[in-house]
Amino acid sequence: MIGRAIALLLLMAALPAWASCPPHEFTAPADVKPKGDAVLIVTHATSFHDARFSTKRGVDEAVRYAKGRRIPVIYLRDDSPLEYYFMADCNPDYWVFSQGGELNFEVTASHVYIVGGHLEMCMSATLHDLIYQWSKQPPRNRQITYFMDAIYSNGKLVDPGDPFYADFQRFMGVVTYGRPGGEHWPKLSLLETMGVIVREEHELDYLKQALPRWDRTFSANYRIELQLNDSVKKVLRTAEGWRPPTVLFRFLDSALSLAAPM
């Protein structure tokens, strides 16, 4: 019994300390007015959907990165219990209710950092609302930066015909082994997906599928680019003119990939 008790104490000491954020008030959409030309949006960072906590460290580092540069931070929260939200920092600039990831407030910043999830669902809604807003604003260069270690996904964009399909199924089977069924467990981070795909050309093809429907949103006078970390930018659509307004979708492994603030 003593040996088991000591083992349990050692195990508890090895676990990271974590407690949910205290109750808070939501900001009315009309009062969400982030300052500056960049903003971090955190869509549903909750273990209710990411039960493996596969994105927790990435989310915490993204928030730390933003706050270190005085970039406003907005948490989108749905109606799942607050106790499941796992951000270490409980003091964003705004807590906003968003059941499906929708943006019910205006975003004028030209650079949006995005983390959280669900890549194929709630985050997709966030990004579609964002680019729709941008398309209605005066044309200028825009950028969306994804921190892939802070984005969770169910891998539904992986097609049986993809060359990495078998590897993906094997990896998903390992991380979900013995877990309850349903949508709570079959999640992995977008960075883990990249680790399964491995080849850059296939990674870029996969990421193109994950983008919001820019082709239906931005007029033809916008140039559209995709970049993975520091690789050469891939032009998804050209535009006429010497310097047309450009939208860049950039995917980074992590906020830790970026230099420390000066």
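Of the solvent-accessible surface of the chain, computed with a 1.4 Å probe and all protein chains present, 56% belongs to carbon and sulfur. Putting +1 on Lys and Arg Cβ atoms and -1 on Asp and Glu Cβ atoms, find which of 98, 146, 176 reaches farthest to the positive end of the dipole of the chain. Value computed over the given set: 146. When nucleic acids and ligands are ignored and a 1.4 Å probe is applied, residue 200 ends up with an accessible area of around 100 Å².
Its residue count N sets the reference 2.2 N^0.38 Å, and the alpha-carbon radius of gyration of region 184-262 equals 1.29 times that reference.
How far, in degrees from 0 to 90, does helix 56-68 lean away from the longest principal axis of the Cα atoms of the chain, to the nearest 10? The angle comes out at about 50 degrees.
Computed over the Cα atoms of region 130-202, the ratio of the radius of gyration to the Kirkwood radius (Rg/Rh) comes to 1.11. Reducing region 103-123 and region 17-84 to their Cα centroids gives an inter-centroid distance of 11 Å. Only one residue of 38, 241, 163 has its Cα farthest out toward the positive end of the dipole of the chain, where Lys and Arg carry +1 and Asp and Glu -1 on Cβ, and that residue is 241. Of the trypsin sites (Lys or Arg not before Pro) in region 79-182, the ones in a loop by DSSP (not H, G, I, E or B) with at most 13 other beta carbons within 10 Å are 140, 156. Taking all Cα pairs closer than 8 Å and separated by 6 or more residues, the relative contact order of region 19-74 comes to 47 percent.
Comparing 132, 23, 122 along the charge dipole axis of region 21-176, the residue lying farthest to the positive side is 132, per the Cβ-charge model. Given +1 at the Cβ of Lys and Arg, -1 at the Cβ of Asp and Glu and no other charges, the dipole of the chain around its Cα centre is 460 debye to the nearest 20. Take 22-29, 38-45, 88-95 and order them by the average number of nearby Cβ atoms within 10 Å per residue, most first; the result is 38-45, 88-95, 22-29.
For region 132-244, what relative contact order do you get, as a whole percent, if you take Cα pairs closer than 8 Å and at least 6 residues apart?
On the way: 85 pairs, mean separation 27.6, N = 113.
Value for region 132-244: 24 percent.
Couplings 3J(HN,Hα) of region 83-95, computed from phi: 4, 8, 6, 10, 5, 6, 8, 9, 10, x, 5, 8, 9 Hz, in residue order, whole Hz [Karplus 6.51 cos²θ - 1.76 cosθ + 1.60, θ = phi - 60°; x for Gly and Pro]. For the chain, the spread of Cα positions along the three principal axes, ordered from largest to smallest, is 76, 47, 38 Å. Applying a 4.7 Å Cβ-Cβ cutoff to the chain leaves 122 as cysteine residues with no disulfide-compatible partner. Averaging the sequence gap over all C-alpha pairs within less than 8 Å and six or more residues apart, then dividing by the number of residues, gives region 19-168 a relative contact order of 31 percent. Residues whose amide H falls under 5 Å from that of residue 237, counting only those 5 or more places apart or on a different chain, are 224, with hydrogens built in the peptide plane. The lysine pair tally for the chain, using Cα distances under 22 Å and a gap of 8 or more places or different chains, is 12.
The values are calculated or read from the model by the stated rules, or taken from the named source; none is laboratory data. From a predicted model like this one, the values you see are computed outputs, not experimental measurements. A quick note on method: Cβ atoms are made from the backbone with ideal geometry, for glycine too, and the neighbour counts reach across all protein chains shown. Surface areas here come from the heavy atoms of the whole protein model, side chains and all, with no ligands, DNA or RNA. Shrake-Rupley method; radii C 1.70, N 1.55, O 1.52, S 1.80 Å.
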